[in-house]
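One structure below.
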Amino acid sequence: MRFSVVLRRSSLALALLVGACVPTVQQHGQRIDPEAVARIRPGVTSREEVFRLMGSPSAVATFDDRRWYYVTQTVEKRSFYQEKLTDQRVLILIFDDRGIVRQVEERDLAQARAIEPVAEATPTMGNELTLFEQLIGNIGRFSRSPENARP
């Protein structure tokens with residue numbers, strides 16, 4: 001009888017340990033429906049139709065609003081800071097001047113590029129002022145003129 005209690009407790013502890021090692025899988029971004037993508041035809045489908053099929057894009061190109069990006073990512077998380085990107089899919093839709101799909105491109109994780117942010121600070125024009133210099137410099141700057149006066 002005593003052996004079975006010990007066996008149950010050790011089995012429970014083993015199950016908890018093994019369960020703690022299983023990563024949590026999270027989906028981020030837009031769900032890209034393959035059926036909806038198949039209905040997008042270059043030269044035929046309009047921007048409005050794409051919006052109805054896919055929803056709003058994850059991103060629009062900064063300098064060219066004719067490029068829409070739909071992004072989905074799968075991330076495995078093992079512990080607090082241990083995240084690993086396991087899958088990524090990007091659907092790129094390029095429209096012509098009339099708002100008709102000109103090109104459909106798909107990219108996956110194998111085609112992604114790792115971008116390392118630069119840790120340097122951007123230099124700015126001007127002087128570095130201390131808190132005391134900022135306080136003294138503001139004396140006399142703010143005056144009440146009749147148009148700015150509050151009732």
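The values are calculated or read from the model by the stated rules, or taken from the named source; none is laboratory data. In this text the structure is predicted, and so the values were computed from the model without any measurement. So basically every Cβ, Gly included, is an ideal-geometry build from the backbone, and we count neighbours across all protein chains shown.
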Considering residues of the range 77-96 that are surrounded by 13 or more Cβ atoms within 10 Å (Cβ to Cβ) and more than 30 Å from Phe51 (Cα to Cα) only, the residue modelled with the highest pLDDT: Lys77
Reported set for the range 30-61 where residues are touching a helix residue (DSSP H, G or I) at 6+ places or on another chain (Cβ under 9 Å), in a loop (DSSP other than H, G, I, E, B) and either aliphatic (A, V, I, L, M) or buried (at least 16 other Cβ atoms within 10 Å of the Cβ) (or both) is Gln30, Ile32, Ile40, Thr45, Pro57
Odd one out for Pro123, checked against (1) at pLDDT below 90; (2) within 21 Å of the chain's Cα centre (by Cα); (3) farther than 30 Å from Pro23 by Cα: (2)
Do you know which residues across the range 112-134 are of a type outside the set (D, E, K, R) and surrounded by 10 or more Cβ atoms within 10 Å (Cβ to Cβ)? Ala112, Leu129
Within the range 97-120, how many residues are of a type outside the set (A, V, I, L, M, F, W, C), over 18 Å from the mean Cα position of the chain (by Cα) and modelled with pLDDT under 75? 0
Here are Asp33, Asp65: which of them is under 20 Å from the mean Cα position of the chain (by Cα), modelled with pLDDT under 95 and more than 22 Å from Leu109 (Cβ to Cβ)? Asp65
(1) modelled with pLDDT of 85 or more; (2) more than 22 Å from the chain's Cα centre (by Cα) all hold for Ile136 apart from (1)
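Tell me, which residue of the range 70-83 that is part of a strand (DSSP E or B) and touching a residue at least 24 places away in the same chain (Cβ under 8 Å) is nearest to Phe95 (Cα to Cα)?
Tyr70
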Any chance you could count how many residues in the range 100-114 are farther than 15 Å from Pro57 by Cα and touching a residue at least 24 places away in the same chain (Cβ under 8 Å)? 5
